[in-house]
Structure formats: structure tokens, C-alpha cells
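Here is the structure we will look at.
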Amino acid sequence: MKILSIIGARPQFIKCAPLSRSIRREHKEILVHTGQHYDPELSEIFFKELDISEPDYNLGVGSSSHGEQTGKMLVEIEKILINEKPDLVLVYGDTNSTVAGALAASKLHIKVAHVEAGLRSFDRTMPEEINRVLTDHISDLLFCPTETAVLNLKNEGVTTGVYNVGDVMLDALKYNIKIAEDKAMVLEYLGLSSKEYLVVTVHRASNTDSFKNLSSIVNAFCEADIPVVFPVHPRTEKYLKKYGLWEKLCEKVTVISPLGYLDMLKIMSHARKILTDSGGVQKEAYMLGIPCITMRENTEWVETVEDGWNVLVGADCEKIEDAILNFEGAELKSNIFGTGNSCEIICEILKNISYSR
Ligand code: UD1
Ligand code: UDP
């Protein structure tokens, strides 16, 4: 079978790495990089570290408004699909690259498989929520990472082609955690001692694009009574500078460039707590058993909150400060994301389905 996989942003490279490896054992895979993320530390480093094959196509769409970015992808992906005639298009997560790939394929009557289907924040102001809902409703195979995701789809009347396969990010983490522990030098490089620092990430539009929210978050980081390390997403750097918050932040916080996956795994796994608005980082904190403080009003990863490992604090400075001091993880964890063999399960399903539409 010929599978065409579409990726374009940092978390998609990480999710694609283990699944692409499994798929290539049995199928022909064509890899398309939309170019949504293009800086070496958001793209190239993951291909190198995770041994992802060189993309067959790089669309180089770059950054622009949602409509322009998604539109450019749609035009270019359609041409490739007409040329390559794959049996199946595989898309990941909830970015503009996801919805562009799914839409281009479904209009050409090519089957679409969505990895990380069924997630909902129920917040339509999030661009990712629009991408998720649209992608799920035009997908033929919906690979859900959790039981909640299956239920969300059921509540929207989507029941055909739905499978709970666990989370491919757990496959990626399990494969790389020992390598990261042995090889990644980030703690030595930054002079950090295990459990004696916080690691933070921020890139969600609702936090970066709002002066009120971003300054509140910066104030909370600057008040922390423990060293804070902040690998900054370029979007966030741009707004921190635009709002005049950059210097203040850099005085109190260790601000660094985005990390590669191995350094990121290492720095997270030794942190006392993690603060984030990232979807992937919330999950990884749970998988690693590190308490997570999520600077959002809602989350798709509700089980992490229900299990007592994640707390939602929004962009409220006092709530963030309080959680830094007082929030501790729970005692026990469960297999909400499966057991780390999602790629195997997905490949088994792919083997047994029919591809005519
Ligand atoms: C995108 C996804 C988001 C995902 C995130 C992962 C959408 C709508 N958003 O957000 O769901 O969580 O990726 O990190 O698809 N930029 C650079 N260099 C790059 C890429 C981006 O400098 O290589 C800057 C540009 O100023 C750009 C901004 O970051 O305008 C935002 O990039 P974009 O890809 O539009 O969205 P993200 O915020 O990265
Ligand atoms: N990540 C990374 N380096 C960083 C920040 C994040 O490798 O400096 C990894 C992180 O471990 C996770 C993924 O990127 O695997 C999450 O991506 P991101 O936060 O950009 O997007 P989201 O998951 O919110 O869509």
C-alpha cells in the first residue's frame, strides 16, 4: 500500500518518527513536509535526532495568516496527491498542516487517517479546535489516543472507523528516554541539578498574542523561588520583544532557544515541575510523572487533570504562583495513553482495511 504522510510542525515530527518507522516495514511511504515550521531548531533537528527520512516534498509554505498558510498548503498538496495517487493520506494532530492535508485528500476521494483524533477542548476560539473538528469529520480512520477521545467522537455522531490505539507520543518517549538520559547534556550545559528547577514552555496564541496574559505569565515566572528554564518558541520571542517583556524575563529566567527532543525529554524528566500551554508537553509530563501546571483555561487531556497530575491555572499570575509553590502530583498513574505500542496497533489496523472508496 502507498501511504502519503503529511507533517509540518514540531509535534508532528515527533509523532511521525515512530509511526513512519513502523509503516515503512510494510508499506511505501511518501513524506510531505508543508514547511509550516522551518527554523532548524523547530524542524531539521528532529529529522536528524529521530532519524526521520528526508521528506519527498517540502512545500516551504512558511508563516502567514491562517487562510493564506492553509490555502497555500491545500493548493500544493492537491498537486502532489494527483501525481502520487496514494491509497491513504495520514495526518497528525491539529495544526493547519493537518486540516489542509485532510481536506485536499478527502476532496479527491482519497482515504484519510487521522492520528490523534477525537480530542476536544470545546473552545472554538482555539485555531486547533477548528482544525480538529474539521479533520475528524472528513477522516475515514480515526486513531484516538484516549477513551475520552472516542467518546467525544461518539457524541458528534462519528462512530465508523474509530479506534482507541493509545498515544504515539508514548511510543516516541519510550523509544528515546534512555537515549536522552545517556546522551543529552542539557543539565550539565545549563548547570542544573535534578529536581531543583522548573521547565516552562509557552506558545499558545491565547497567551502569546495577549499583552495581559503574556505579562501575567512573565510576572509569575520572575517571582518563582526556584530557577526557571524557558526554551522559547519563536512566536513567543516575537511577542515578548514586541510587548517589551523580553529584558525583564531574561534578568530572572534562563531563556534558551527551543531544544531538540532528546534535551527536552531530559530537562523535563529531571524537572521539579513543568509549566506549559502545550498539548504534547502536558502528556509527556504525565508520562514522566512530573507535576504539570497548565497555563490554559481548558485542556483536551482531561485525564491528566482527573488523575491529579495536571492543574489548569489559565494566565492568572496568582494562580500560577500558588501552583508553583503548592501543586504536587498524585501518587498513582494509569495507562490512559496506552502502553507505548500504538504504532504497532495502527499498522495492524492498516493491514486489515479495504482501500476502495
Ligand atoms: C503551530 C500550530 C499549533 C502547534 C504549534 C507547535 C497552527 C494553527 N498552530 O503553532 O497548533 O501547537 O505549531 O509548535 O497550526 N515561526 C518562526 N519559525 C518557524 C515557525 C514559526 O519564527 O519555523 C514564527 C513566525 O513568526 C510565525 C509564528 O512563529 O508567524 C507562528 O507559527 P505558526 O506555524 O503559524 O504557528 P505556531 O504558533 O508555531
Ligand atoms: N518540544 C521540544 N523542544 C522544545 C519544546 C517542546 O522538543 O523546546 C517537544 C515536546 O517535548 C513535545 C512537543 O515538542 O514532544 C510539543 O510540541 P509543541 O509544544 O510545540 O506543540 P503542541 O504539542 O502544543 O501542539
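A short reminder: the numbers here are calculations on the coordinates, not readings from a lab. From a predicted model like this one, the values you see are computed outputs, not experimental measurements. Neighbour counts run over all protein chains shown; Cβ positions are idealised from the backbone, glycine included.
Key figures for this structure:
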read-out: Tail beyond 23 Å, pair distance distribution of the range 12-138 (Cα, percent); value: 29
read-out: Those lysines that a straight Cα-Cα span of less than 16 Å connects to LYS242, excepting residues fewer than 8 apart in one chain; value: LYS212
read-out: Cα-projected label distance for ILE349 with SER334, points at 7 Å along beta-carbon direction, nm; value: 2.1
read-out: Hz values of 3J(HN,Hα) by residue in the range 178-184 - Karplus curve (6.51, -1.76, 1.60), Gly and Pro given as x; value: 6, 4, 5, 4, 7, 9, 6
read-out: Ellipticity estimate at 222 nm from DSSP helix runs (n ≥ 4, -39,500 (n - 2.57)) divided over the chain, nearest 500; value: -14000 deg cm²/dmol
read-out: Alpha carbon centroid spacing (whole Å) that separates the range 1-22 from the range 37-58; value: 11
read-out: Calculated over the range 101-234: convex hull of Cα atoms, volume per residue (Å³); value: 170
read-out: Of LYS174/LYS195; LYS154/LYS333; LYS15/LYS111; LYS15/LYS183, pairs whose Cα-Cα distance is over 24 Å; value: LYS154/LYS333
read-out: Neighbour-count ranking [beta-carbon atoms within 10 angstrom, fewest first] of LYS15, LYS79, LYS252; value: LYS79, LYS252, LYS15
read-out: Calculated from backbone phi, Karplus (6.51, -1.76, 1.60) coupling profile of the range 280-294 in Hz, x at Gly/Pro; value: x, 5, 4, 5, 5, 4, 4, 4, 8, x, 10, x, 10, 10, 9
read-out: Where only C-alpha atoms are counted, convex hull volume of the chain per residue in Å³; value: 123
read-out: Burial ordering of TYR38, TYR92, fewest other beta-carbon atoms within 10 Å first; value: TYR38, TYR92
read-out: ³J(HN,Hα) computed for each position of the range 36-45 - Karplus, 6.51 cos²θ - 1.76 cosθ + 1.60, integer Hz, glycine/proline x; value: 4, 9, 9, 4, x, 7, 9, 9, 3, 4
read-out: Total charge dipole magnitude, the chain, about the Cα centre, Cβ charges on Lys, Arg, Asp, Glu only, Debye to nearest 20; value: 800
read-out: Relative contact order, percent, the chain [alpha-carbon distance under 8 Å, six or more residues apart]; value: 16
read-out: Antiparallel bridge percentage (DSSP; both residues within the chain; nearest 5); value: 0
